[in-house]
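Here is the structure we will look at.
The values are calculated or read from the model by the stated rules, or taken from the named source; none is laboratory data. Computed from a prediction, not measured in an experiment: that's the story for all the values here. Cβ: placed from backbone, ideal geometry, glycine included. Neighbour counts: every protein chain shown.
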Amino acid sequence: MDVENKGTKKELGLVHVYTGNGKGKTTAALGLAFRAVGCGLRAAMVQFLKPSEEYGEQLAAEKLDGFEIISMGLDHMCSEVSRSEDIRLAHEALARLSEILSSGKHDLVIADEINVAMSWELLEPEEVIEVLEKRAPCTEVVLTGRGAPKKIIDYADLVTEMLLVKHPFDRGVPARRGVEF
């Protein structure tokens, strides 16, 4: 990291929440990661509830030095999922997130769909906050997903709610590769 980025890194350390029923939570977090990597920072994303299925962001991260995506979860769109398996995998993802946050190796860490994991009661907000409290200094964190719990919203420094006004899915347009995944 060059001298300029050392100063940039000292300014980091906030917690963002991107929530709501509108499209764009993961996309906004990815845009932030893209910006961070462009400025010489290191970024990581732990995906809760998303398998490694060649989502567009997973493919792009492989080509982008300084950004890694760790996908941990089952495909809820295409397969039957047991609650006990979801709970186990959510806790494995939380443990991996904790390792990444405490390591100090990344300047920006995204917990993708972690809000959904909490709203489905796979994780408790208190255990997520405990992990956030143990993060390395100067580590910026983004929590994405619908249904962010009030305790998480209260804890965060920045909260953005994506509002659904209109979506082509309502007209029968399915999720499209390269746009929604």
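Quick grid of which residues meet (1) of a type in the set (V, I, T); (2) under 11 Å from A111 (Cα atoms); (3) assigned to a loop (DSSP other than H, G, I, E, B); (4) over 12 Å from the mean Cα position of the chain (by Cα):
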residue	(1), (2), (3), (4)
V17	yes, yes, no, no
N21	no, no, yes, yes
R35	no, no, no, yes
A44	no, yes, no, no
K50	no, no, yes, no
Can you tell which of L97, L122 is at pLDDT 95 or above, surrounded by 19 or more Cβ atoms within 10 Å (Cβ to Cβ), in contact with a helix residue (DSSP H, G or I) (Cβ under 8 Å, 6 or more places away or on another chain) and not in a strand (DSSP E or B)?
L97
Matching residues in segment 146-172 - criterion: being over 10 Å from G20 (Cα atoms), at pLDDT 95 or above and in a loop (DSSP other than H, G, I, E, B):
P149, A156, D157
Note: among G73, G66, just one is of a type outside the set (A, V, I, L, M), surrounded by 14 or more Cβ atoms within 10 Å (Cβ to Cβ) and modelled with pLDDT under 90, namely G73
If I go through segment 100-119 residue by residue, how many of them are out of contact with any Pro (no Cβ under 9 Å at 6 or more places or on another chain) and buried (at least 18 other Cβ atoms within 10 Å of the Cβ)?
13
